[in-house]
Amino acid sequence: MPVLGLGVWQMAAGRETEQAVEWALEAGYRHIDTASMYRNEQSVGAALRRSGLPREQVFVTTKLLPTHPSAARELDKSLERMGLDYVDLYLIHWPLPLASGRLWRELEALQKRGLAREIGVSNFGRDRLETLTRGASRLPAVNQVQFSPYHYRRRLLDYCLQKGIVFEAYSPLARGNGPQDPRITAVAERLDRTPAQVMLRWAIQHQAVVIPKSSHKERIRSNAQLFNFELADNDMQNLDELDRTNGSARARG
């Protein structure tokens, strides 16, 4: 699973999504994150086909709305919209207490059929994860949650890492607000980096996968320049202290 991906939440179907995905793939991204709720799966699929890249070179995630009664039917629809035979990762989009256990068993069956290479969840806290997996045959491969210096969910992060669950960060740029913070810009200026690069690097150094969302070509390219610098321990600690909440984020990404 590539550490860096492109998220397409709130991107309009059609030109906006297709261009963003095309620019990302041109810039070296090999991980695209969508969801049935985003209503742009078809555009993601169109951009993937136009890229000419072999299917096995791009990691594709989509998500199941837990209010739907059948995970199998919903994944079939997602695959048809994207023109794919399988997804690399299929997630339950958020916990639904009376349905999550049943849906997880359906996801396990879909993985056995080869329609999803891996299965996981989104917006699950520790209690929800423990409840979900109590009667499950396997742990989720991934838990995708809101995570940034302002939403530093260290206890959930530690729990997932201890369990071997990949911790994936949506809204790693705090929905565009973080790069305006003078404490972040000070680090960025000293390192000759952008504030967004600093925030993404912070998450990666906390062993998170990041899926920043952008439909701007230069920002997509810039956000990929993360692997030739590191944040010092004191910079990491200073960014850790920006945390504003220990609560659970509402479902979104």
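The values are calculated or read from the model by the stated rules, or taken from the named source; none is laboratory data. Keep in mind it's a predicted model, so treat the numbers as computed, not measured. Positions of Cβ are generated from backbone atoms using ideal geometry, with glycine treated the same way; all protein chains shown enter the neighbour counts. Ligands, DNA and RNA are stripped out before the accessible areas are found, and what is left, the full protein with its side chains, is counted by its heavy atoms. Shrake-Rupley method; radii C 1.70, N 1.55, O 1.52, S 1.80 Å.
Where both partners of a DSSP beta bridge lie in segment 113-253, what percent of those bridges are antiparallel, to the nearest 5? Could you put the intermediate results ahead of the total?
Numbers: 1 of 11 bridges.
Within segment 113-253, antiparallel bridges account for around 10 percent of the total.
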Inset, instruction - Grab the beta carbon distance between Thr131 and Glu108, set R0 = 22 Å, and tell me the FRET efficiency rounded to 0.05. - result: 0.90
Inset, instruction - Round to the nearest 0.05 the FRET efficiency obtained for Ala12 and Leu65 when R0 = 25 Å and r is the Cβ-Cβ distance. - result: 0.80
Inset, instruction - Leaving ligands, DNA and RNA out of it, report the carbon-plus-sulfur percent of the accessible area of the chain at a 1.4 Å probe. - result: 45
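Sorted by mean Cβ packing within 10 Å, highest first, what order do the peptides 178-185, 133-140 take?
Values: 178-185: 16.2, 133-140: 13.9.
Descending mean neighbour count gives 178-185, 133-140.
Relative to the present Cα-Cα distance, how much length would full extension add between Leu161 and Leu98 at 0.36 nm per residue of separation?
On the way: separation 63, 0.36 × 63 = 22.68 nm, distance 2.65 nm.
Here the segment from Leu161 to Leu98 would lengthen by 20.0 nm.
Run the helix sum for the chain: -39,500 (n - 2.57) per DSSP H stretch of 4+ residues, divided by residue count, reported at 222 nm to the nearest 500 deg cm²/dmol. Let's see the in-between values first.
Working: 10 runs with 102 residues, N = 253.
Rounded to the nearest 500, it is -12000 deg cm²/dmol.
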Inset, instruction - For the chain, please report how many Lys pairs fall under 25 Å Cα to Cα, leaving out neighbours fewer than 8 apart on the same chain. - result: 7
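Provide the gained length on full extension for the span Arg73 to Asp233, in nm with one decimal, where the gain is 0.36 nm per separating residue minus the Cα-Cα distance.
On the way: separation 160, 0.36 × 160 = 57.60 nm, distance 4.73 nm.
Net length gain for the segment: 52.9 nm.
Quick one: pull the percentage of alpha-carbon pairs in segment 1-91 with a separation above 19 Å. The partial results should precede the final answer.
Values: 1275 of 4095 pairs.
Across segment 1-91, Cα pairs with separations above 19 Å total 31 percent.
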